1. Can you run phi through the Karplus equation (6.51, -1.76, 1.60; θ = phi - 60°) for segment 70-86 and list ³J(HN,Hα) in whole Hz, with x for Gly and Pro?
2. Per residue of segment 44-61, what does 6.51 cos²θ - 1.76 cosθ + 1.60 with θ = phi - 60° give for ³J(HN,Hα)? Whole Hz please, x for Gly and Pro, Karplus curve as stated.
3. Compute, for segment 1-96, the length of the dipole vector about the Cα centre, with Cβ point charges of +1 (Lys, Arg) and -1 (Asp, Glu) only. Units Debye, rounded to 20.
4. Would you mind ranking PHE71, PHE192, PHE78 so that the residue whose beta carbon has the fewest other beta carbons within 10 Å leads the list?
5. If amide hydrogens are placed 1.01 Å from N in the peptide plane, which non-local residues have theirs closer than 5 Å to the one on THR202?
6. Would you work out if the chain is rounded, prolate or oblate? Take a ≥ b ≥ c from the square roots of the eigenvalues of the alpha-carbon gyration tensor; rounded if a/c is under 1.5, else prolate when a/b is larger than b/c, oblate otherwise.
7. Give the long-range amide H neighbours of GLY182: residues separated by 5 or more places, or on another chain, with amide H under 5 Å away, using H modelled in the peptide plane at 1.01 Å from N.
8. When the Karplus curve 6.51 cos²θ - 1.76 cosθ + 1.60 is applied with θ = phi - 60°, which whole-Hz ³J(HN,Hα) does each residue of segment 13-19 get, with x for Gly and Pro?
Amino acid sequence: MLAGLTSIKPDDRIVELGTGCGVVPMVLAYRKKSRHTIVGIEIQPELARLAHRSVEENRLGELIQIIEMDFRAVAAHFEPGSFDLLLSNPPYRKPGTGRINPNRQKAIARHELSATLADVFAAGDRLLSRGGRVALIYPATRIGHLMNAAHERGFSPKRLRIIHSRPGGPGRLVHVECSKGGGEEVRVEPPFYIYGEDGAYTEAMKKMYED
């Protein structure tokens, strides 16, 4: 959904923080969404190795660069304004809340153990040119926290879409695009439904696999 819902321009220089096994960069590269090399940053060595292998096996090595590093240290690796678009599915649970998954990979992905939402926007402040965008998917229940974290680093929400499991159900996730140094106006997109009344994927969800 992050790859499918985010508005991407052909000249966007794209980086994904917490790329995992590299699925989002591979989707974008396969669909030729950008003319530039897409960078995926991953702190967990085992996932970074999987991402490298997936990129090579799919023959996308000329289009994607995977870097194993802590994205909180981007200042030492990239010049300011190196990118136009930052993508992330950031950790969304505060330490001390909910059960920590015994699987280390899942625990780091879900709980703010090695990085926080504020760290994502701090990295964006460094990596993005003025007018650059941060695109995230985040739990709807923490949208207030997301907005505060964005504003604290000078980012303004510009596009917002609520993601529902099915029609009539509550919003579970939000897809938000924030602009570095943007104005106050926010475009609220139509809601996105993953499943229809029959329990099957909606046409909008199917389209993400077909594009």
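None of the figures in this text is laboratory data; all of them are computed from the coordinates on show. A quick note: this is a predicted structure, and the numbers were derived from the prediction, not measured. Neighbour counts run over all protein chains shown; Cβ positions are idealised from the backbone, glycine included.
1. 7, 5, 6, 9, 5, 4, 7, 10, 10, 6, x, x, 6, 9, 10, 9, 10
2. These are the phi-based 3J(HN,Hα) values: 7, x, 5, 6, 4, 5, 4, 4, 4, 5, 4, 4, 5, 5, 8, 6, 10, x Hz.
3. 320 debye
4. PHE78, PHE192, PHE71
5. Result for THR202 returns TYR195, GLY196.
6. Judged from the Cα gyration tensor, the chain comes out rounded (a/c under 1.5).
7. For GLY182, whose amide H was placed from the backbone, the distant partners under 5 Å are SER156.
8. 8, 10, 10, 10, 8, x, 6
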